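The values are calculated or read from the model by the stated rules, or taken from the named source; none is laboratory data. What you see is a predicted model, and the numbers here were worked out from it, not measured in a lab. Cβ placement follows ideal geometry from the backbone for every residue including glycine, while neighbour counts extend to all protein chains displayed. Calculation scope for accessible area: heavy atoms of the full protein, side chains included, ligands and nucleic acids excluded. Shrake-Rupley method; radii C 1.70, N 1.55, O 1.52, S 1.80 Å.
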Amino acid sequence: MRREQTLEEISDGKLYDSNDMVKADCHDCEGCCDCCQGMGDSVILDPYDVHRLSVGLTKPVEQLLQECLELGVSDGNILPHLRMTGEKEQCVFLNKEGRCSIHAVRPGFCRLFPLGRLYEDGGFKYILQIHECPKTNRSKIKVKKWIDTPDLKNYEKFVNDWHYFLLDVQEVLYNAEDPDLIRNLNLFVVNRFYLKPYDQNQDFYIQFYERLKEGKELLALA
Ligand code: SF4
Ligand code: SF4
């Protein structure tokens, strides 16, 4: 999502890499589930999140969309996000004990929080958001340990390439006058990157980059 605020307003002002120590460790979030509720449509999922959920919960993406995810519009792109329900607008995966019921396959956003990413100059850095998590006794932890994601180098490359691809898609969508182009481009992103299953016996990233190549070719023609 495009930010209007300055780095100093939302973070401790520092930029972090995956090997840096950062005061993000919330001690297993004991007694708190603040970032699992009231998040509206902001917990946006990337193709790896949805693939990981689909494999981990052994459900096709169509079923996930019926039960626990929703499609929404974010900066012009149609993208899936976690569904919030009930009076407290809680994530569908939050259990009665206030814990995440899908911890092992939770999305990247949840792995990152209270960290965020600042994208600039074709890359990104991690930031520590200061207004999002109420825990005041957080300990220092290495960014990569906090994110807890295998094959981090390829994951970070994927996250970055996906972000900048979506920006390119947004650019085309914002400038498009033909409603068919807008519809077809949005359908392409949803169908090709999310709904079309990735072979779980093959490397996710190889499959993603095949699709990304297709997407970039389509943008070049738009
Ligand atoms: S707000 Fe902070 S302590 Fe609470 S669940 Fe989220 S990360 Fe954990
Ligand atoms: S997936 Fe888990 S960690 Fe993420 S918002 Fe839902 S309950 Fe919280």
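Computed in the context of the full set of protein chains, the accessible area of the stretch 1-77 at 1.4 Å probe radius has 48% of its extent on carbon or sulfur.
Just the number: Rg to Rh for the stretch 107-207, Cα atoms, Kirkwood Rh, two decimals. Before the final figure, lay out each step's value.
Numbers: Rg = 17.0 Å, Rh = 16.3 Å.
On the Cα set of the stretch 107-207, Rg over Rh gives 1.04.
Loop-resident trypsin sites (Lys or Arg not before Pro) (DSSP state other than H, G, I, E or B) in the stretch 1-108 with no more than 15 further Cβ atoms inside 10 Å of their Cβ: ARG2, ARG3, LYS14, LYS88, LYS96, ARG99.
Measuring nothing but protein heavy atoms, the accessible surface of the stretch 143-218 at 1.4 Å probe radius is 51 percent carbon and sulfur.
Where in the chain are the helices, taken as whole DSSP H runs, whose Cα atoms extend 30 angstrom or more along the long axis and whose Kyte-Doolittle mean reaches at least -1.0?
Working: long enough: 152-175 (35 Å, -0.43).
Long hydrophobic helices here: 152-175.
Normalised by 2.2 N^0.38 Å, where N is the number of residues, the C-alpha radius of gyration of the chain stands at 1.03.
Please list ASP34, ASP161 in order of solvent-accessible area, largest first, computed with a 1.4 Å probe with all protein chains present. Numbers along the way, then the final one.
Numbers: ASP34 75, ASP161 40 Å².
Of ASP34, ASP161, the descending order of accessible area is ASP34, ASP161.
For the stretch 55-214, the Cβ-based charge dipole about the Cα centre amounts to some 1100 debye (Lys, Arg positive; Asp, Glu negative; other atoms uncharged).
Its Cα gyration tensor gives the stretch 1-112 an equivalent ellipsoid. The semi-axes, each the square root of 5 times an eigenvalue, are 24, 18, 15 Å from largest down. Since only THR136, SER74, GLN90 are under comparison, the one whose Cα sits farthest along the positive direction of the charge dipole of the stretch 57-153, derived from C-beta charges on Lys, Arg, Asp and Glu, is THR136. Note on the chain: helix-only mean residue ellipticity at 222 nm, from DSSP H runs of 4+ residues weighted -39500 (n - 2.57) and normalised by residue number, equals -11000 deg cm²/dmol. For the stretch 1-41, a Kirkwood radius taken over Cα pairs fed into Stokes-Einstein (37 °C, viscosity 0.692 mPa s) yields D = 248 µm²/s. If a spin label sat at a point 7 angstrom from the Cα of LYS145 along the line to its beta carbon, the backbone N atoms of the stretch 111-134 nearer than 20 Å would be those of 111-116, 126-129.
Only aspartates and glutamates eight or more places from LYS135 in sequence, or on another chain, were considered; those with a Cα closer than 16 Å are ASP12, ASP25, ASP28, GLU30, ASP34.
Counting only Cα atoms, the stretch 76-154 measures 40, 38, 27 Å along its principal axes, largest extent leading. Listed by chain and number, the lysines placed with their C-alpha closer than 30 angstrom to that of LYS142 are LYS14, LYS23, LYS125, LYS153, LYS157; residues fewer than eight positions away on the same chain are left out.
Which GluC sites (Glu not before Pro) from the stretch 18-86 combine a DSSP loop assignment with at most 12 other Cβ atoms within 10 Å? Could you put the intermediate results ahead of the total?
Values: sites: GLU30, GLU62, GLU67, GLU70; in loops: GLU30.
Listed in order of number, the matching sites are GLU30.
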